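Beneath this line is the structure, given in structure tokens, with notes to follow.
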Amino acid sequence: MRVATFRDAVPVQVDDFLSLGSDLTQVLELGDHRGQKELSLLRKIVKPHARTTSVWSSVLGVQLPVKLVSLTLGGEQDFEVKADFQWRIGRQIPDAVFDVKNLGSPSPLAMWSEAPSRR
């Protein structure tokens, strides 16, 4: 089961749960209700498996994720992923990135460190 939490129309948290052997129909029926009683019962028949949280920001008028943290538990190995995003939109991307000479390059975007900033 997956539960997504939205704030300002963007997903800021997604939780994944595993069933503890309960009937899947029972899990789905409880998940369809929004009351506190049903949600507390739901926690008794599922266990947390993964959580992803994100931070969003307006970039040139578009809401985009700028930070992501994901934690997965209970598999063969627990793991965590953290990512920070720096968005480049439109003319912020140098045209040279798309040159044919960069085709197949392991890192055509590395030239950003060489190119002057267009902020």
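The values are calculated or read from the model by the stated rules, or taken from the named source; none is laboratory data. Everything numeric here is computed off the predicted structure, so don't read it as measured data. Positions of Cβ are generated from backbone atoms using ideal geometry, with glycine treated the same way; all protein chains shown enter the neighbour counts.
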For the subset of segment 65-108 comprising residues that are acidic (Asp, Glu), assigned by TED's automatic domain parsing to the domain that holds Asp8 and in a loop (DSSP other than H, G, I, E, B), which member is nearest to His49 (Cα to Cα)? Asp78
What do you reckon, is Ser54 farther than 16 Å from Phe17 by Cα and in contact (Cβ under 8 Å) with a residue 40 or more places away in the chain? yes
